[in-house]
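Take a look at the structure set out below.
The values are calculated or read from the model by the stated rules, or taken from the named source; none is laboratory data. None of these values were measured; they are calculated from a predicted model. Cβ placement follows ideal geometry from the backbone for every residue including glycine, while neighbour counts extend to all protein chains displayed.
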Amino acid sequence: MKKMLAVLVGDSPGVLSRVAGLFTRRAYNIDTLAVGGTDRPGVSRMTISFEGDDALLEQVKKQLNKLIDVYKVIDLEPETAVVRELALIRVHCEPARRHQVAQLADLFRARVVDVSKTSMVIETSGTQEKVEALIRLLRDFGLQELVRTGPIALERGMVSQSLARERGARWRPAGGSRPGDGLEEGDGLEEDEGRGTRVGDEPLVGSAAAAGAGRVPVLGAQGAR
């Protein structure tokens with residue numbers, strides 16, 4: 001089972017090797033690892049995904065918390081976190097087929113960021129399922145190069161988490177699949193009250209849903225009413 005952790009660490013030399021070494025010494029395999037800065041100077045955020053059960057997850061969390069440079073370890077679950085990935089895809093493309101690649105990119109809310117005589121570079125971001133679906137379709141044109149960041153994630157707000165749990169069937173249907181699993185060409189496209197949706201669209205939850213419906217909470221001197 002895929003597990004994901006966010007680890008806040010001090011921005012000091014050797015911290016990455018110490019965290020990675022913890023996994024290596026215990027023969028745990030890291031699937032993806034993304035590192036970047038945060039809103040606080042001197043603090044970096046690692047997003048680590050790996051395969052394992054709940055017992056392994058708890059053991060990894062305990063071992064990480066023992067490291068001096070680790071400030072906080074956060075367990076990220078798909079139902080209570082916003083998970084996204086960025087990918088750059090170089091596709092072999094003759095001038096006669098450029099419009100086909102551009103149309104496919106637009107369908108997935110991706111962008112063409114570079115064009116040459118024989119290739120195009122597509123930038124896309126979204127869930128792992130969406131990124132993998134676009135890559136699968138672009139293989140028909142001929143992939144020349146591919147780079148992926150691996151997933152990064154943030155916890156949803158408290159209201160969003162509550163709604164996500166209540167609507168578990170929408171976020172994780174029976175059988176444990178998630179939106180976008182096994183997405184094929186044409187899947188995930190539907191008309192919603194006259195507004196065409198594209199691959200990668202997902203329902204809004206919490207305050208975003210309320211804003212979209214015109215029900216924005218009113219804040220006064222005493223807070224939300």
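Condition first: within 20 Å of the chain's Cα centre (by Cα), surrounded by fewer than 14 Cβ atoms within 10 Å (Cβ to Cβ) and over 30 Å from Leu8 (Cα atoms). Can you find one or more residues in the stretch 131-153 that meet it? Yes, that holds for at least one residue. Evaluation of Arg90 against the conditions (1) in a strand (DSSP E or B); (2) of a type in the set (D, E, K, R); (3) surrounded by fewer than 18 Cβ atoms within 10 Å (Cβ to Cβ) shows that the sole unmet condition is (3).
If you go through the stretch 53-102 and keep only what is in the same structural domain as Tyr28 (by TED's automatic domain parsing) and over 23 Å from Arg156 (Cβ atoms), you end up with Asp53, Ala55, Leu56, Gln59, Lys62, Gln63, Asn65, Lys66, Leu67, Ile68, Asp69, Val70. For the stretch 137-162, a residue qualifies if it is at pLDDT below 80 and either among the β-branched types (Val, Ile, Thr) or touching a Lys or Arg at 6+ places or on another chain (Cβ under 9 Å) (or both), and exactly one does: Val159. Here the condition is being of a type in the set (A, V, I, L, M, F, W, C) and crowded, with 18+ Cβ neighbours inside 10 Å; of Ile30, Ile48, it holds for Ile48 alone.
Of the residues making up the stretch 45-91, just one is acidic (Asp, Glu) and within 30 Å of Val112 (Cβ to Cβ), namely Glu85. Taken over the stretch 1-48, the criterion of being assigned to a loop (DSSP other than H, G, I, E, B) and over 21 Å from the mean Cα position of the chain (by Cα) is satisfied by Asp11, Ser12, Pro13, Gly14, Arg26, Ala27, Tyr28, Arg40, Pro41, Gly42. Note on the stretch 95-133: residues that are closer than 17 Å to Leu146 by Cβ, among the aliphatic types (A, V, I, L, M) and part of a strand (DSSP E or B) total 5.
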